[in-house]
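Here's the structure we're looking at; comments come further down.
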Amino acid sequence: MSTIVLLLVTGLGLGALYFLVAAGLSLIWGLMRVLNFAHGAFFTVAAYAGFFAATALPASPWLQWFVGLLAGILAGGVFAVLTEIILIRPLYRRPVGQVLVTVGLALATLALVEGAFGSDPRQVTLPDWMNATTTLLGAAIPNTRFVVLLLAGLVLAGLLFFLQRTRYGLIVRAGVENRSMVSALGIDVERAFTLVFAIGGMAAGLAGVLGATYYGTIDPSRGTTMLISAFIVVVIGGLGSITGSALAAAIVGLLQQFLNFYAAAGVGDFAVVILLAGVLLLRPGGLLGGPAT
Amino acid sequence: MSANGALLHVHDLRVTIGESQILGGVSFQVREGGITGLLGRNGVGKTTTLRGILGLVPRTGKVTLAGEELTALPVHSIVQRGVGYVPEDRDVFGGLTVEENLRLAERADSEHRYALIYELFPELRERAAQRAGTLSGGQQQMVALARALLNASNRILLIDEPTKGLSPLMVKRVADALQRAAQIATILLVEQNLAVARHLASDVVVLDQGSVVFAGDVAALVDDPALARRYLGLSAAGSGH
Ligand SMILES: Nc1ncnc2c1ncn2[C@@H]1O[C@H](COP(=O)(O)OP(=O)(O)OP(=O)(O)O)[C@@H](O)[C@H]1O
Ligand SMILES: [Mg+2]
């Protein structure tokens, strides 16, 4: 029983990280039809920015952690906005070009981070409470799981509020359906593009720092692994659907944890690929594909 | 406004998509006030002309509204200058509610326009919370027209086949709505239903194979069977689609 609870919370925590990366990917694809392969680079740069911001500051561990969190969100957002303006915008209507520049940016970022900081994982220091566990239904759950879940939940709520209750959210939902009709109503859709990149980058940045919190380390290549999982999550959940991404992220995280534990390491990841293939065959639009919800 | 009183000038509009030239230099003017019909057989480029005016398709040539050149502007800026659009296939946002569709089109000065659109189309108020994708074709047309009417700074409305696929009763309501709309904005109307076009429009522009073949008084065209047959084709003569 306690193992199941532990796997459940850990799987959901992993899913929460996937969701934070997937949310931006999904919105960016939904609105702009851009497959952003650089999204994992936002994650990585944010993880390192958070790490160095935290360690540069002679403060209490909690304050350091919090500063790192803000620095990561900021770094992810700024990097994403610059990517949109400098690399993506000149290539609208040239999807192959966009794929190439985002792949190039991802590879270049990986190489730069590796060159600058080495490819070995670095230990992050966390507040003591985060290194401790809390007993839930007999299972000793690392507290970091709760932190990750809580923040991802807040992001989900915030994104849904943004989409459902704000004017720009309305523009994004409409743009996901029919971009040119939005501009034919006199609305500058490109401003929404930048906004969506900023939001996606900040969420990926948050994931970068929370990934460090979750695993206790940072390394240059985790962003790539995250990106792949997040792409799978986006496709399973339905491109453009935030709720779908959240649901799919939970499913993927749980599937990986449970099968990797009860079957054998690697089986969980394999099962995710099977699930992906199944969804693509049976529900090509994803579980909740369609309008941005 | 230009010297001869025209609101919209379209000069040598050319649209090429891929290898095929769709508009080969369309030029015409739309007089301020009232309804100008844009007619022509299926596939002659009426929709493309409207989309070209708005910049929704890559085009060359010159489009001016009240003397201001629009051609270099992005789509949303052209619309902001006062060009409203009701597309041929309505293009309502199906996943959004009726109310959200309207809210998207809202501008600072839209408040008093709500009274007008709810008077013309009370259904839109009743179905405010319904997803636009689940509306009937006629109701979707109401949403599309309402969106264009909500923007009170629109000086000209480009309306593409608003009666397509509608019941006779609904055709009548749309025609009435267009007549009301024509009192507050100039309308460039693509209409296959000749009876409706004859009833609403004062001037007409006729396209054939990507260029203008007739421009002038609606009666001169429609009441001359030979001309009507030549430019509009047998299928379009009479009242049908
Ligand atoms: N995106 C496109 N790609 C290729 N051809 C196109 C495209 N859009 C329009 N065309 C072609 O251009 C021509 C004009 O199309 P358009 O839709 O403007 O005609 P229309 O006069 O509005 O016709 P209808 O009365 O049937 O609505 C057609 O032959 C059409 O097939
Ligand atoms: Mg047409």
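The values are calculated or read from the model by the stated rules, or taken from the named source; none is laboratory data. Because the structure is a prediction, the values reported are computed rather than measured. Note that each Cβ is placed from the backbone with ideal geometry, even for glycine, and that neighbours are counted across all protein chains shown.
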Checklist entry - Taking the condition closer than 14 Å to A:GLY285 by Cα and modelled with pLDDT of 95 or more, does A:ALA248 pass? => result yes
Checklist entry - Is it the case that the range A:226-242 has a residue that's more than 15 Å from A:GLY15 (Cα to Cα), assigned to a helix (DSSP H, G or I) and in contact (Cβ under 8 Å) with a residue 40 or more places away in the chain? => result no
Checklist outcome for this item: Over the range B:64-99, the set of residues among the aliphatic types (A, V, I, L, M), within 10 Å of another protein chain (Cβ to nearest Cβ) and on the phi > 0 side of the Ramachandran plot is none
Checklist entry - Counting only residues that are more than 16 Å from ligand 2 (Cβ to nearest atom) and free of Cβ contacts under 8 Å to residues at least 40 places away in the same chain, how many does the range B:30-78 have? => result 12
Item to check | Hits in the range A:93-107 - residues which are in contact with a helix residue (DSSP H, G or I) (Cβ under 8 Å, 6 or more places away or on another chain) and surrounded by fewer than 17 Cβ atoms within 10 Å (Cβ to Cβ) | outcome: A:GLY97
Next on the checklist: Looking for something crowded, with 21+ Cβ neighbours inside 10 Å, within 15 Å of ligand 1 (Cβ to nearest atom), part of a loop (DSSP other than H, G, I, E, B) and free of Cβ contacts under 8 Å to residues at least 60 places away in the same chain - is there at least one such residue anywhere in the range B:226-240?
Outcome noted: no
Item to check | Of all residues in the range B:20-55 being within 9 Å of ligand 1 (Cβ to nearest atom) and among the charged types (D, E, K, R), the one that is nearest to B:GLU68 (Cα to Cα) | outcome: B:ARG51
Next on the checklist: Among the listed residues B:GLY165, B:GLY138, identify the single one that is in contact (Cβ under 8 Å) with a residue 24 or more places away in the chain, touching a helix residue (DSSP H, G or I) at 6+ places or on another chain (Cβ under 7 Å), closer than 20 Å to B:ARG103 by Cα and away from chain A (no Cβ under 14 Å).
Outcome noted: B:GLY138
Checklist entry - Since A:ARG93 meets every condition but one in (1) closer than 22 Å to A:LEU25 by Cα; (2) within 11 Å of chain B (Cβ to nearest Cβ); (3) in a helix (DSSP H, G or I), which condition does it not meet? => result (3)
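Condition check ((1) in a helix (DSSP H, G or I); (2) on the phi > 0 side of the Ramachandran plot; (3) within 14 Å of chain A (Cβ to nearest Cβ)) across all residues:
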position: B:ILE117; (1), (2), (3): yes, no, no
position: B:MET142; (1), (2), (3): yes, no, no
position: B:ALA146; (1), (2), (3): yes, no, yes
position: B:LEU149; (1), (2), (3): yes, no, yes
position: B:ASN154; (1), (2), (3): no, no, yes
position: B:LEU157; (1), (2), (3): no, no, yes
position: B:MET170; (1), (2), (3): yes, no, no
Checklist outcome for this item: Within the range B:54-63, the residues that are more than 10 Å from chain A (Cβ to nearest Cβ) and in contact with a helix residue (DSSP H, G or I) (Cβ under 8 Å, 6 or more places away or on another chain) are B:ARG59, B:GLY61, B:VAL63
Next on the checklist: Take the conditions surrounded by 21 or more Cβ atoms within 10 Å (Cβ to Cβ), closer than 13 Å to A:ALA23 by Cβ and more than 14 Å from every other protein chain (Cβ to nearest Cβ) and apply them to A:GLY205. Does it pass?
Outcome noted: yes
Checklist outcome for this item: The lone condition B:ASN42 fails out of (1) in a helix (DSSP H, G or I); (2) under 17 Å from B:GLU191 (Cα atoms) is (1)
